[in-house]
Structures are given as structure tokens and as C-alpha cells.
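Just below is one structure, and these are the notes that go with it.
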Amino acid sequence: MDPNLGEKIYQASCFISDIYKQVRTLLVACDALFAEAGIAPANGNEVELHRARNLDAPAAWNQQAVGRLYAPKKRPDGTVSAFIVVEVHLRPKSATHALLVLAYAEPSLPVISQALSSEYKEGEWLEDLLVNHYPAQTEWNGLRAAHPRHLSLADGLHLKAWPLTEFTDEESLGRALRSQLARWAPGLFK
């Protein structure tokens, strides 16, 4: 063992904590942007984290992605008419730099927020759909057959990814997300 192991682990832990504070700031900015359109997080104050923590796979201990599910405009029966997902990938499979992934879909059948949240939690990360496309193609659109393990409650799924370096402040983040969502769902932001 390294004689400075304790100090190195402490320093690394502090650095990782700072990274997650930045990710939190990014997601709070998304919350504020979406609140303008009446869109709220489907899971309240929670984010989705990876679940694998095998002792023999230490690389899996490092949280590589964080996801947040949003559900706009609940119907009177408690179902939602659309949903949005924001994922922050610190070590994506499709790129050599951190990514922000935005997804939008409309469910084919009425779905309640809890069912949607459960499906997202049990499914694969949406960034996985970009593995064979990014960086040549930063957008992905597909029907249910093309994303059976990624929010299968939706007939069609729209996905867009950006390097995190493109966002220098809340305004740049807001412009990019608002512009993209306006293409997929005109009238979402009035």
C-alpha cells in the first residue's frame, strides 16, 4: 500500500465532492429553466444514480452519471403528456469529455409519473444510444424498437448531447435547452 494512501484518498474525495457540487448547480439551473414552463422534477429532489457497486469492479464505484427526470403538465387523471430527461455524464461511453444529454418524449399511452420514474430508474442510461454516433452525430431520434431498454413507454425518443464545456453559465445552458426543446415541442416555452 502507498504510505500516503489516506491523504491521497482524502484529496480525491474532496475533489469528487466539488465536482458533484458543480453537477448540482447545473441541475438546479435546469430546474429553474423548466419551472418557467410549468415543468417539475418527477422525483422531487432526487436524481438517478447508477446502481452497480461490485467489490471486484472498483471503476464502477465512481459515480459516472447523474440523471434527472422532468414531467410537464399533469392531466386531471394524474398522467403526464410528455417527459424530459437531463443526464450529466462525467465519463460517457460515447466521448472523451463530460456530456450533458437532453431527452424529450411523449408517451403513447397515458402514464403516471411514478411508472415513468420507475422505468427510467430500471432502464439504461440514455447516453448509451449515442455510443456509435457521437461526436459525428450529437442528436439521436428513434422509435420504440430502437430504444427498448431506454424509456420504452415512449413511441419516439429525441436525444441531444453537448460537451459540458459549451455551458459557461446558466444563460448559455438555458439558451441551448430552450432552443432544442422548441424544435421538439413547439409551445412548451411560451
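The values are calculated or read from the model by the stated rules, or taken from the named source; none is laboratory data. Keep in mind the model is a prediction, meaning the values are calculated, not measured. So basically every Cβ, Gly included, is an ideal-geometry build from the backbone, and we count neighbours across all protein chains shown. Calculation scope for accessible area: heavy atoms of the full protein, side chains included, ligands and nucleic acids excluded. Shrake-Rupley method; radii C 1.70, N 1.55, O 1.52, S 1.80 Å.
Would you pick out the residues in region 118-153 that are open to solvent by 20 Å² or more (accessible area, probe 1.4 Å), among the small types (Gly, Ala, Ser) and in contact with a strand residue (DSSP E or B) (Cβ under 7 Å, 6 or more places away or on another chain)?
none
Pairs under 7 Å by beta carbon, first residue of a type in the set (Asp, Glu) and loosely packed, with under 10 Cβ neighbours inside 10 Å in region 7-19, partner at pLDDT below 90 and part of a helix (DSSP H, G or I), six or more apart or different chains?
none
If I filter region 154-181 down to residues being more than 24 Å from ALA98 (Cα to Cα) and surrounded by fewer than 19 Cβ atoms within 10 Å (Cβ to Cβ), which single residue comes out as modelled with the highest pLDDT?
The qualifying residue modelled with the highest pLDDT is GLY156.
For region 96-117, what are the residues that are of a type outside the set (A, V, I, L, M) and either in contact with a Phe, Trp or Tyr (Cβ under 9 Å, 6 or more places away or on another chain) or open to solvent by less than 60 Å² (accessible area, probe 1.4 Å) (or both)?
Within region 96-117, TYR104, GLU106, PRO107, SER108, SER113, SER117 qualify.
So the check is Cβ under 6 Å with 6+ separation or different chains; which pairs have a first residue in region 139-165 that's under 19 Å from TYR70 (Cβ atoms) and touching a residue at least 24 places away in the same chain (Cβ under 8 Å) and a second one that's assigned to a loop (DSSP other than H, G, I, E, B) and among the acidic types (Asp, Glu)?
So the pair list comes out as HIS150/GLU124.
Contact list please: Cβ distance under 9 Å, first residue in region 27-51 and under 21 Å from ARG178 (Cα atoms) and touching a residue at least 40 places away in the same chain (Cβ under 8 Å), second residue part of a helix (DSSP H, G or I) and aromatic (Phe, Trp, Tyr), pairs at least six apart or on different chains.
ALA42/TYR120
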